[in-house]
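Comments concern the structure below.
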Amino acid sequence: MRNSLDIEGRPADTRVVVAMSGGVDSAVTAALLKAEGYDVVGVTLQLYDHGAATHRKGACCAGQDIHDARMVAGSIGIPHYVLDYESRFKAAVIDRFADSYVAGETPVPCVDCNQAIKFRDLLVTARDLGAKVLATGHYVASRALPGGGRALYRARDEERDQSYFLFATSQDICFVPTGRYADVIERLRPGAAAAGDIVDLSGRVLGRHPGIINFTVGQRRGLGIAAGEPLYVVRLDATNGRVVVGPREALRTTRVQLRDVNWIGDGSLDAVTAEGRHDVFVKVRSTRPPHPAWLMRGPAGVEVELADGEEGVAPGQACAFYDAGVGQARMLGGGFIRSAAPRSEIDAIAALRSAPSLLSPGIRDQGSVIKCQENS
């Protein structure tokens, strides 16, 4: 007989390890499973030196959160273990986060943490503890498929849906207690905040910046330059240490190349892309709804073409796939953005020329053309 977790066996004979972050969601998960009679074991990972995050609201797996998880476990009567994963977390998440920022990307460390720590290393630990199930407090739906197996779906409450982070949470970065990412990156990678030029789409120098790690694609405020029209960060040129700015029109991206693609829909990734473009809906930001797109195989790997384009798409971000744009859509997988191609920068420069106050006379006369490893 199958239990409420859709596996064989009585709840009392089914051990479940619950990843307890110290927050309300994982605490409720543990309490509900305990109330149903499952053999529940709470596990909390100490992921980083809590320090300033000890009493910070929204921090995860450090300081006060570990204390709270231990208290909750005691109150509902389940054993609780704290595992030291600091070195593993630093190597798999924090160092990759810093390297990604230095490379001019906009990383999503929550996804890295889920893939490398919570759903890989912790799953191994759960099995070592004799568990048949690993449970977390993420807001996402899980449903049985007609032919067997299960699939992930967006949560009923779209405002709290966390499926974007689970294609392989907190929107704050837990190991940056002050919220100042650049401070952490500079400490981990001394010299990463090297100053450089701020340039327009044609390469004209407009000013200086204190380091590309202080900027993200789509940023408008804090550029420190004066112009006749609003300018946005269009691209971060890590190789040359330049921040490239342009009009808002230059932010619209129509195609992205992906890396580390994980397909969890029906069939294989090769099969669904074999006949050309595959209709999907994608999210490139956790706060945006899924938008229509096409998934395909390009010369350099897996690509996504955005039907209506998206603004502020940057390398390093996650791109999640769904089968619908509204409601409790099924998650089909996702990957990380390797590169993003906006509308051609010739068109972007043309947009600049339509606002002559942004360009010097010499620039107005110039022409310029600037031009996902997958696991199926």
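Residues checked against (1) surrounded by fewer than 20 Cβ atoms within 10 Å (Cβ to Cβ); (2) modelled with pLDDT under 90; (3) in a helix (DSSP H, G or I); (4) not assigned by TED's automatic domain parsing to the domain that holds residue 260:
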{"position": "159", "(1), (2), (3), (4)": "yes, yes, yes, yes"}
{"position": "176", "(1), (2), (3), (4)": "no, yes, no, yes"}
{"position": "182", "(1), (2), (3), (4)": "yes, yes, yes, yes"}
{"position": "185", "(1), (2), (3), (4)": "no, yes, yes, yes"}
{"position": "190", "(1), (2), (3), (4)": "yes, yes, no, yes"}
{"position": "193", "(1), (2), (3), (4)": "yes, yes, no, yes"}
{"position": "216", "(1), (2), (3), (4)": "yes, no, no, yes"}
{"position": "220", "(1), (2), (3), (4)": "yes, no, no, yes"}
{"position": "223", "(1), (2), (3), (4)": "yes, no, no, yes"}
Query raised in the report: Within the set of pairs 6 or more residues apart or between chains, which connect a residue that is surrounded by fewer than 16 Cβ atoms within 10 Å (Cβ to Cβ) inside the stretch 4-19 to a residue that is part of a loop (DSSP other than H, G, I, E, B) and of a type in the set (A, V, I, L, M) with Cβ atoms less than 9 Å apart?
Result: 8/1; 9/1; 10/1
Requested in this report: Confirm whether residue 255 is part of a strand (DSSP E or B) and more than 14 Å from the chain's Cα centre (by Cα).
Outcome: yes
Report task. Determine which member of the set 334, 367, 312 is under 17 Å from the mean Cα position of the chain (by Cα) and at pLDDT below 90. Result -> 312
**Report entry** When residues of the stretch 8-45 are limited to those that are among the β-branched types (Val, Ile, Thr) and part of a helix (DSSP H, G or I), the one nearest to residue 86 (Cα to Cα)
**Finding:** 24
Report summary line: Going through the stretch 240-258 in order, the residues found to be farther than 16 Å from residue 106 by Cα and touching a helix residue (DSSP H, G or I) at 6+ places or on another chain (Cβ under 7 Å) are 246, 247, 249, 250
Query raised in the report: Got at least one residue in the stretch 147-157 being under 15 Å from the mean Cα position of the chain (by Cα), modelled with pLDDT of 80 or more and hydroxyl-bearing (Ser, Thr, Tyr)?
Result: no
Requested in this report: State which residue is modelled with the highest pLDDT when the search covers only the stretch 116-143 and only residues that are in a helix (DSSP H, G or I) and in contact with a strand residue (DSSP E or B) (Cβ under 8 Å, 6 or more places away or on another chain).
Outcome: 126
Requested in this report: Mind listing just one residue for me: the one in the stretch 52-110 that is surrounded by fewer than 16 Cβ atoms within 10 Å (Cβ to Cβ) and among the polar types (S, T, N, Q) and, of those, modelled with the highest pLDDT?
Outcome: 75
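The values are calculated or read from the model by the stated rules, or taken from the named source; none is laboratory data. Model, not experiment: these values are computed from the prediction. When we count neighbours, we look across all protein chains shown, and the Cβ atoms used for this are built from the backbone with ideal geometry, even at glycine.
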